[in-house]
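Peer 1: The structure that follows is given in the form of structure tokens.
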Amino acid sequence: MIKIVDLSRTFNGHAVLDGINLEILQGEITVIIGKSGVGKSVLLKHIIGLLKPDRGQIIIDGQDITRARGAALKALKQRFAYLFQGGALFDSLPVFENVAFPLREKTKLPEAEIISRTKERLAQVALSKEVENKYPDELSGGMKKRVALARALIQEPEIILFDEPVTGLDPPMTNTVFHLISKTHQESGYTALIVSHDIPEIFGIADHVAMLHKGRIIAYGSPEDIQRETNPVVQHFIQGEPDFLEE
């Protein structure tokens with residue numbers, strides 16, 4: 001579904017991405033791990049076309065998004081949903097309208113269909129009817145993440161990019177959110193790319209894991225492959241040893 005070829009991007013003389021090569025397989029969950037500040041979120045923004053690389057290609061189902069412009073770029077972006085690290089909910093809108101927002105803005109569906117789809121998505125992420133009229137500042141961190149996930153799912157995207165989807169959550173809620181991602185993935189069949197440093201939780205939902213370090217992918221494989229990886233950088237990270245704690 002997504003093929004990244006020799007992708008490079010420099011900021012202020014620092015090579016954040018330095019020749020990334022990676023394939024994201026259709027219908028699977030791929031997780032990118034790595035220290036904070038190594039460029040994981042920057043990579044997501046390139047994949048969805050928010051940033052342009054210095055060189056390289058990102059081929060989405062045969063089309064290079066780095067070279068697409070105008071209507072072609074818009075059409076590629078419409079195949080994606082993006083779950084932001086902080087959820088990016090609209091503070092001035094209640095939960096129901098936050099989730100319905102993409103349908104109201106981007107489609108001409110009748111109101112009855114918008115209501116039906118929105119309720120369906122809220123139920124899919126285990127949010128009850130009582131939550132619909134609450135505003136984001138009335139929600140717990142875990143509820144905000146679930147609302148953001150419902151909004152990401154509302155247009156039935158082919159690909160969802162998750163930028164640190166459990167940041168700031170306690171361990172039980174972290175497991176809940178990862179369970180919901182796995183559940184909705186099984187139900188909807190979207191291709192998922194998740195940026196995370198939540199070890200070992202991600203090993204329970206990933207089909208493939210890639211580790212980003214110093215601008216390059218230094219390891220790629222199944223969760224079992226990564227846990228058996230002999231590269232000391234990978235082992236230091238997944239074991240949480242001091243050199244690889246968050247900055």
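The values are calculated or read from the model by the stated rules, or taken from the named source; none is laboratory data. A quick note: this is a predicted structure, and the numbers were derived from the prediction, not measured. Backbone-built Cβ (ideal geometry, glycine too); neighbour counts: all protein chains shown. The area values use the complete protein model at the heavy-atom level, side chains included, leaving out ligands, DNA and RNA. Shrake-Rupley method; radii C 1.70, N 1.55, O 1.52, S 1.80 Å.
Peer 1: Can you give me the distance in nm between label points at I115 and K214, each placed 7 Å from the Cα along the Cα-to-Cβ direction?
Peer 2: Roughly 6.0 nm, to one decimal.
Peer 1: Using helices alone, what [θ] at 222 nm do you get for the chain, with -39,500 (n - 2.57) per DSSP H run of 4 or more residues, divided over all residues and rounded to the nearest 500? All intermediate terms of the calculation are to be shown ahead of the outcome.
Peer 2: Details: 8 runs with 87 residues, N = 247.
Using -39500 (n - 2.57) per qualifying helix, the result is -10500 deg cm²/dmol.
Peer 1: Right, another one. With every protein chain kept in place and ligands, DNA and RNA left out, what is the accessible area per residue of segment 12-92? Probe 1.4 Å, answer in Å². Write out the running numbers ahead of the final one.
Peer 2: Working: 3840 Å² over 81 residues.
Computed with neighbouring chains in place, this is 47 Å² per residue.
Peer 1: Would you mind pulling out the separation of the Cα centroids of segment 8-23 and segment 169-217, in Å?
Peer 2: Distance between centres, Cα-based: 23 Å.
Peer 1: Does segment 27-116 classify as rounded, prolate or oblate by the C-alpha gyration tensor (a ≥ b ≥ c root eigenvalues; a/c under 1.5 gives rounded; else a/b over b/c gives prolate, otherwise oblate)? Don't jump to the answer; show the numbers that get you there.
Peer 2: On the way: a/c = 2.37, a/b = 1.47, b/c = 1.61.
Since a/c reaches 1.5 but b/c is at least a/b, the shape of segment 27-116 is classed as oblate.
Peer 1: What are the residues whose amide H is under 5 Å from the amide H of G19, where those residues sit 5 or more places off or on another chain and H is modelled from the backbone?
Peer 2: Hits under the 5 Å cutoff: L7, S8, R9.
Peer 1: Once amide H atoms are built 1.01 Å from N in the peptide plane, which residues 5 or more positions from Q155, or in another chain, come under 5 Å H to H?
Peer 2: For Q155, whose amide H was placed from the backbone, there are no distant partners under 5 Å.
Peer 1: Using packing as a proxy for protection, rank 146-156, 33-43 so that the peptide with the highest average count of other Cβ atoms within 10 Å comes first. Intermediate results must be reported in sequence, preceding the final value.
Peer 2: Values: 146-156: 23.2, 33-43: 20.4.
So the order, starting with the most tightly packed, is 146-156, 33-43.
Peer 1: Quickly rank 126-135, 15-24, 232-241 as a protection proxy: mean count of other C-beta atoms within 10 Å, highest first. Write down the numbers at each step before the final one.
Peer 2: On the way: 126-135: 13.8, 15-24: 18.3, 232-241: 15.7.
The packing order, highest mean first, is 15-24, 232-241, 126-135.
Peer 1: If Rh is defined by the Kirkwood formula over all Cα pairs and Rg also comes from Cα, what ratio Rg/Rh do you get for segment 144-247?
Peer 2: On the way: Rg = 14.4 Å, Rh = 14.8 Å.
Here the Rg-to-Rh quotient is 0.98.
Peer 1: Taking 0.36 nm per residue of sequence separation and subtracting the Cα-Cα distance, how much length would be gained by fully extending the chain between E241 and D225, in nm to one decimal? Walk me through the numbers on the way to the answer.
Peer 2: Numbers: separation 16, 0.36 × 16 = 5.76 nm, distance 1.94 nm.
Taking E241 through D225 to full extension adds about 3.8 nm, to one decimal.
Peer 1: Turning to a different aspect of this structure: Can you give me the distance in nm between label points at A72 and S188, each placed 7 Å from the Cα along the Cα-to-Cβ direction?
Peer 2: In this crude spin-label approximation the distance works out to 2.8 nm.
Peer 1: Given an 8 Å cut-off on Cα distances and at least 6 residues of separation, report the relative contact order of segment 113-192 as a percent.
Peer 2: Values: 51 pairs, mean separation 26.9, N = 80.
Answer for segment 113-192 is 34 percent.
Peer 1: Another question about this same structure. Once amide H atoms are built 1.01 Å from N in the peptide plane, which residues 5 or more positions from T66, or in another chain, come under 5 Å H to H?
Peer 2: Close amide H contacts, sequence-distant or interchain: I58.
Peer 1: Moving to a separate point now. Applying the Karplus parametrisation 6.51 cos²θ - 1.76 cosθ + 1.60 with θ = phi - 60° to the phi angles of segment 121-128, what ³J(HN,Hα) value in whole Hz is obtained for each residue in order, glycine and proline being reported as x?
Peer 2: Each residue's phi maps through the Karplus curve to give 5, 4, 5, 4, 9, 6, 10, 7 Hz.
Peer 1: A follow-up question, please. Report relative contact order for segment 170-227 in percent, whole number only (criteria: Cα-Cα under 8 Å, sequence separation at least 6).
Peer 2: Value for segment 170-227: 23 percent.
Peer 1: Apply the Karplus curve 6.51 cos²θ - 1.76 cosθ + 1.60, θ = phi - 60°, to the phi angles in segment 154-168 and return the couplings in whole Hz, x for Gly and Pro.
Peer 2: Coupling constants for segment 154-168: 4, 9, 6, x, 7, 9, 10, 9, 10, 9, 6, x, 10, 4, x Hz.
Peer 1: Roll a 1.4 Å probe over the protein chains and send me the accessible area per residue for segment 102-240 in Å². Let's see the in-between values first.
Peer 2: Working: 6540 Å² over 139 residues.
For segment 102-240, the solvent-accessible area averages 47 Å² per residue.
Peer 1: For a 31 Å ceiling on Cα separation, which of these pairs sit above it: K40/K74; K40/K119; K52/K129; K74/K144; K106/K183?
Peer 2: Values: K40/K74 23 Å; K40/K119 33 Å; K52/K129 41 Å; K74/K144 28 Å; K106/K183 26 Å.
Listed pairs above 31 Å: K40/K119; K52/K129.
Peer 1: What's the magnitude of the charge dipole for segment 163-240 around its Cα centre, counting Lys and Arg as +1 and Asp and Glu as -1 at the beta-carbon? Answer in Debye, nearest 20. Don't skip to the answer; put the middle values down first.
Peer 2: Details: 4 positive and 10 negative charges, 47 e Å.
The dipole of segment 163-240 has a size of about 220 debye.
Peer 1: Defining a contact as two alpha carbons under 8 Å apart and six or more residues distant in sequence, what relative contact order in percent does the chain show?
Peer 2: Values: 427 pairs, mean separation 67.6, N = 247.
About 27 percent, as a whole number.
Peer 1: Spelling out what I want: for every residue of segment 132-145, take phi, set θ = phi - 60°, compute 6.51 cos²θ - 1.76 cosθ + 1.60 (Karplus), and round to whole Hz; glycine and proline get x.
Peer 2: Working through the residues one at a time gives 3, 9, 7, 9, x, 6, 9, 9, 6, x, x, 5, 4, 4 Hz.
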